[in-house]
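**Student:** Mind looking over this structure? Questions follow.
The values are calculated or read from the model by the stated rules, or taken from the named source; none is laboratory data. Because the structure is predicted, anything quoted here is derived from the model rather than measured. Methodologically, a virtual Cβ is constructed for each residue, glycine included, from the backbone with ideal geometry; neighbour enumeration extends over all protein chains shown. When the accessible area is computed, the model is the full protein with side chains, heavy atoms only, and any ligands, DNA or RNA have been set aside. Shrake-Rupley method; radii C 1.70, N 1.55, O 1.52, S 1.80 Å.
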Amino acid sequence: MVQRSERAERADALRNREAVLAAADVLFAASSSPQSVSMDDIAAAAGVGKGTLFRRFGDRAGLIGAVIASRLEPLQEAVRAAQEAAASSPRQLVLDLLDASLRFKIENRNLMAAAEDAGLSSPYQAPHYGWWHEILRAALDQVPGVHDADFTAHALLAAIRADLVVHLIDGRKMAPEALRASLAAHIRNVVGDGPDPSREG
């Protein structure tokens, strides 16, 4: 019997990974409580054994983290668009970046909350948090009057934590547009409304 090549095995592994991520994404999106979606449910929907999930993702937290990472591409595109559109206005860029992140949190709030419940260590240790913080810090560094861009970036990101978004929208029944407006007002309180350096003559 001819042994399968390593390339074929890698291709199978990749297909299994994509099938698992797609199945998990559908199940989490269809559930109002992603915590209720079990690893057995995901394995059955993906057509793989439960052991495959644990070999590929380690545990439930690792799988949820992988699903979140797979959803980040639209957010990354929104960030690039914001950087291009507001290149001459650091304050506007800060507003646009945080609004894009908030919209992502609103749309994925149950999944993001499930990630926290699943024990994904600290959200500050997640790779996407470091990426996001650095982009925001760089924008804040260009805003006059911001004393500590590094800390301010952390503080502003804390205002859109997934658990807070869930609490306000699902618990307090706050409309998403109202939340976005409140965030924008809060950001303006932090960064001010003065002219940007590049627009001063």
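**Student:** Given a cut-off of 24 Å, what percent of all Cα-Cα pairs of segment 1-107 lie beyond it?
**Tutor:** Summing the P(r) tail past 24 Å for segment 1-107 gives 43 percent.
**Student:** Any chance you could give the angle, 0 to 90 degrees and rounded to 10, that helix 90-107 forms with the longest Cα principal axis of the chain?
**Tutor:** 30 degrees
**Student:** In whole percent, and with a 1.4 Å probe on the protein chains, what portion of the accessible area of the chain is carbon and sulfur?
**Tutor:** Using a 1.4 Å probe with all protein chains present, the chain comes out at 52 percent carbon and sulfur.
**Student:** Another question, if that's okay. Roughly how tilted is helix 176-191, in degrees to the nearest 10 and between 0 and 90, from the longest Cα axis of the chain?
**Tutor:** Taking the Cα atoms of the chain, the angle to 176-191 is about 50 degrees.
**Student:** Sticking with this structure for a sec: Give the angle, between 0 and 90 degrees and rounded to the nearest 10, that separates the Cα long axis of helix 6-30 from the longest principal axis of the Cα atoms of the chain.
**Tutor:** The angle comes out at about 60 degrees.
**Student:** Please give the length that would be gained between Asp193 and His147 if that part of the chain were fully extended, namely 0.36 nm times their separation in residues minus their C-alpha to C-alpha distance (nm, one decimal).
**Tutor:** Length difference between fully extended and current span is 15.0 nm.
**Student:** Rolling a 1.4 angstrom probe over the protein heavy atoms, how many square angstrom per residue are accessible across the chain?
**Tutor:** So the chain comes to 55 Å² accessible per residue, rounded to a whole number.
**Student:** Sort 71-80, 57-66 by packing, meaning the average of other beta carbons within 10 Å per residue, with the highest value first.
**Tutor:** Most protected by this proxy first, the peptides run 57-66, 71-80.
**Student:** While we're looking at this one, here's another question. For the chain, what class follows from the C-alpha gyration tensor (a ≥ b ≥ c being the square roots of its eigenvalues): rounded when a/c is under 1.5, otherwise prolate if a/b is larger than b/c, else oblate?
**Tutor:** Prolate, since a/c reaches 1.5 and a/b exceeds b/c.
**Student:** In nm, give the distance between the simple-model label positions of Asp59 and Glu73, each being 7 Å from the Cα along the Cα-to-Cβ direction.
**Tutor:** Rounded to a tenth, the inter-label distance reads 3.0 nm.
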